[in-house]
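The values are calculated or read from the model by the stated rules, or taken from the named source; none is laboratory data. Here the structure is a predicted model, which means the values were calculated and not measured. Cβ sites come from the backbone with ideal geometry, for glycine too, and all protein chains shown count toward neighbours.
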Amino acid sequence: MIKKIGIIGAGQMGNGIAHVMAVAGYEVFLRDVSQEQLDRAVTVIEDNLHRQVGRGKMEASEVPGAMARISPVMGDDYLADVDLVIEAATENEEIKKAILAPLGPQLKPEAIIATNTSSISVTRLAAVTDRPGQFMGMHFMNPVPMMKLVELIRGIATNEETFQAVKELTLVLGKTPTPAEDFPAFIVNRILLPMINEAIYTLYEGVGTVQAIDSGMRLGANHPMGPLQLADFIGLDVCLSIMQVLYEGLADTKYRPCPLLVKYVEAGWLGRKTNRGFYDYTTEIPTPTR
């Protein structure tokens, strides 16, 4: 039974996962190599909890208890106690493998390992661990506290007990678990990212401006957010890495990353997190950069 959970990576995804786990009553160890990142994560979680109180999603009296269930850590001593550890590091296969490979000997024999990868082969990541049968993908959507879906991805070796335990946990969190096969980018990003990439091609080829493309999809397809605005929200570096996984994994030219996306990432224009992407976020109302 899953009671204690370790989360490796205190960035946007990691702190969101810690947030929902703590609200659901689980004891959480939030691990990062940077004390500054941990401090920032704790502040973000507390702010987001108060935001949920303001929206009537939870009671103010529940906030201190949720915060008390989160322990920020920089070492690995917590690993011996957890029933599940979720890797939520940056979307880079080599970084993920470097984190996952040494975990096994420090965990209980029955402990489960999950990865929050949004596109990388779960089978390949499982292969570097000592327990591929107790390893699977648990892909949360961003922002985690608001989004209802969690993609559950089995690697080729994932056993049924592991899948069912993680599925039950997902339901306790109030999320909807959706099983996906272990193909590049799974379901949501396999569909979403090529659409975003095509929107960038539409801009690159001069078919429409940033504003025209985003307005077109908001008003013409009833999307809540335009594809270029969404790309900035996701992070253009993340968009590029997922497109590269699709392109390399499926060997189909339709997944070739748009050269303009590559150029923006090379420039360090990664979207909201750097205050500049397809929009400039230093102005009161975000201004298109093209």
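The condition of being under 14 Å from GLY6 (Cα atoms), over 19 Å from the mean Cα position of the chain (by Cα), among the aliphatic types (A, V, I, L, M) and not assigned by TED's automatic domain parsing to the domain that holds LEU240 holds for LEU107. Within region 203-224, if we keep just the residues that are β-branched (Val, Ile, Thr) and touching a residue at least 24 places away in the same chain (Cβ under 8 Å), the residue that is nearest to LEU240 (Cα to Cα) turns out to be VAL210. Scanning region 94-104 for residues that are over 14 Å from the mean Cα position of the chain (by Cα) and assigned to a helix (DSSP H, G or I), we see that the one that is surrounded by the most Cβ atoms within 10 Å (Cβ to Cβ) is LEU100.
Within region 60-83, the set of residues being outside any helix (DSSP H, G or I) and either closer than 19 Å to GLY11 by Cβ or at pLDDT below 95 (or both) comprises ILE70, SER71, PRO72, VAL73, MET74, GLY75, ASP76. Scanning region 253-290 for residues that are under 19 Å from SER118 (Cα atoms) and in a loop (DSSP other than H, G, I, E, B) yields ARG256, PRO257, LEU270.
Count of region 108-131 residues, restricted to those that are touching a strand residue (DSSP E or B) at 6+ places or on another chain (Cβ under 7 Å) and either in a loop (DSSP other than H, G, I, E, B) or aromatic (Phe, Trp, Tyr) (or both), is 6.
Figure legend. Inter-residue proximity from region 38-54: first residues among the polar types (S, T, N, Q), second residues at pLDDT 95 or above and not in a helix (DSSP H, G or I), beta-carbon distance below 6 Å, spacing 6+ or different chains. Indicated pairs: ASN48/PRO145. The C-beta contact set for region 153-167 (first residue touching a residue at least 24 places away in the same chain (Cβ under 8 Å), second residue of a type in the set (Ser, Thr, Tyr) and in a helix (DSSP H, G or I), distance under 8 angstrom, 6+ apart or interchain) comprises GLY155/THR123; ILE156/THR123; ALA157/THR123.
Here is a list of conditions, (1) in contact (Cβ under 8 Å) with a residue 60 or more places away in the chain; (2) part of a loop (DSSP other than H, G, I, E, B); (3) buried (at least 21 other Cβ atoms within 10 Å of the Cβ), and ILE200 meets all of them except one; can you say which number that is? Against the list (1) in contact (Cβ under 8 Å) with a residue 60 or more places away in the chain; (2) part of a loop (DSSP other than H, G, I, E, B); (3) buried (at least 21 other Cβ atoms within 10 Å of the Cβ), ILE200 comes up short only on (2).
A search for C-beta distances below 6 Å between a residue of region 131-147 that is under 30 Å from GLY56 (Cα atoms) and any residue that is surrounded by 24 or more Cβ atoms within 10 Å (Cβ to Cβ) and at pLDDT below 95, counting only pairs 6+ apart in sequence or on different chains, returns HIS139/SER118. Looking at region 146-177 only, could you name the residues that are surrounded by 16 or more Cβ atoms within 10 Å (Cβ to Cβ), closer than 23 Å to GLN12 by Cα and not charged (D, E, K, R)? Correct list: VAL150, LEU152, ILE153, VAL166, LEU169, THR170, LEU173, PRO177. Only a single criterion out of (1) touching an Asp or Glu at 6+ places or on another chain (Cβ under 9 Å); (2) not aliphatic (A, V, I, L, M); (3) not in a helix (DSSP H, G or I) is not satisfied by SER241, namely (3).
Mind checking which pairs have a first residue in region 59-74 that is assigned by TED's automatic domain parsing to the domain that holds ILE8 and a second that is in a loop (DSSP other than H, G, I, E, B), Cβ under 7 Å, 6 or more apart or different chains? Short answer, once both residue conditions are applied: ARG69/TYR26; MET74/ASP32; MET74/VAL33.
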